[in-house]
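The values are calculated or read from the model by the stated rules, or taken from the named source; none is laboratory data. Not measured: the values here are computed from a predicted model. So basically every Cβ, Gly included, is an ideal-geometry build from the backbone, and we count neighbours across all protein chains shown. Each accessible area value is taken on the protein alone, full model and side chains, heavy atoms only, with ligands, DNA and RNA left out. Shrake-Rupley method; radii C 1.70, N 1.55, O 1.52, S 1.80 Å.
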Amino acid sequence: YRRAGNDAMAEAALVNAQRLSMLEVIALRSFNRIYVCSEGDRRELGNRSRAEICVLRNAVRLPGAVRPSAARGVFRFLFVGTLGYYPNQDGVRFFCTEVLPFIRERAGSSFLVNVVGSGDSSGIADLAADEVYLVGPVADVRPWYEECDAVVVPLRAAGGTRVKILEAFGYLRPVVTTTMGVEGIEAVANEHVLVADAPEDFATACLKLMSDPTLAQALVANASVLVSRSYTIEALKTTISSL
């Protein structure tokens, strides 16, 4: 909120965070075992609680056979998320206003961006442009994943694990995200996903996927192994049975 110039909401969020922090201290003393979604969360809480802290990773249901991305002359980026959630709105605005100008300037071929998700999207309605389509809610995200060539997750705020990245891995699509976007997922930059925070760097990563299908295929192959091994319902069951 502060970065977007909304100081009133920033102050309200800060006050709420401070209140919740105090409640969190009380809550953490009330349990013998606490479950978190990542090793990072376990390290964070390890200094604040005497409870046993166990990692149960988030899990996604793999979609089964997926139609491979096909060259159509127009490269398709996809963003998926709840559009009424402010960090998602901020991410879309960041991508459209700060990243896209670099892509427009340097892309040697046509591209478009589909923004898919439920919730109030009025806060980003002004971002619709020739190559940016605010699709809104859809009955099934599968066709949108299958029609895209790459998924962008340009988040600069939020917490937890971005399940949308795991979902993209399951649909065999390469992902460009930020350091915060990939938090909580054991993905390695340039091996499973491309990670960039500055607008020009994020654009460069997108341009790499547009021009280098071999890179995209390598990322997809590695990410598919990662999500199948660690982030499925079956992997979750194995973890629970071992506790």
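Please give the per residue accessible area of the chain, computed with a probe of 1.4 Å over protein heavy atoms only, in Å².
Working: 12600 Å² over 243 residues.
Each residue of the chain exposes 52 Å² on average to a 1.4 Å probe.
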Inset, instruction - Just grab the label-to-label distance for THR82 and GLU200, each label 7 Å out from Cα along the Cβ direction, in nm (one decimal). - result: 3.6 nm
Inset, instruction - Could you please state, rounded to a whole Å, how far the C-alpha centre of region 106-176 is from the C-alpha centre of region 44-87? - result: 12 Å
Inset, instruction - Collect residues whose amide H, placed 1.01 Å from N in the peptide plane, falls under 5 Å from the amide H of ILE34; neighbours closer than 5 in sequence don't count. - result: GLU52, ILE53, CYS54
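Based on the Cβ-Cβ distance of MET22 and GLU191, what FRET efficiency does E = 1/(1 + (r/R0)^6) give at R0 = 51 Å, to the nearest 0.05?
On the way: r = 40 Å, r/R0 = 0.78.
Taking R0 as 51 Å, the efficiency between MET22 and GLU191 is 0.80.
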Legend entry - Computed P(r) (all Cα pairs; the chain; 5 Å bins; percent): 1, 6, 13, 16, 18, 16, 12, 9, 6, 3, 1, 0
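In terms of the Cα gyration tensor, with a ≥ b ≥ c the square roots of its eigenvalues, is region 81-186 rounded because a/c is under 1.5, prolate because a/b exceeds b/c, or oblate? Don't jump to the answer; show the numbers that get you there.
On the way: a/c = 1.23, a/b = 1.16, b/c = 1.06.
In terms of gyration-tensor shape, rounded.
In percent, what relative contact order does region 21-117 have, based on Cα pairs under 8 Å that are 6 or more apart in sequence?
Details: 79 pairs, mean separation 25.0, N = 97.
About 26 percent, as a whole number.
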Inset, instruction - Go through TYR85, GLY5, CYS206 and say which Cα lies farthest out towards the positive end of the charge dipole of the chain; charges sit on Cβ, +1 for Lys and Arg, -1 for Asp and Glu. - result: TYR85
Inset, instruction - Only bridges with both residues in the chain count here: give the DSSP antiparallel percent, nearest 5. - result: 5 percent
Legend entry - LEU236 versus ASP120: modelled label distance in nm, points set 7 Å from Cα along the beta carbon direction: 3.0 nm
Inset, instruction - Note down the relative contact order for region 57-186 as a percent, whole number, built from C-alpha pairs under 8 angstrom at least six residues apart. - result: 32 percent
Legend entry - Total charge dipole magnitude, the chain, about the Cα centre, Cβ charges on Lys, Arg, Asp, Glu only, Debye to nearest 20: 740 debye
Legend entry - ARG48 versus VAL141: modelled label distance in nm, points set 7 Å from Cα along the beta carbon direction: 2.7 nm
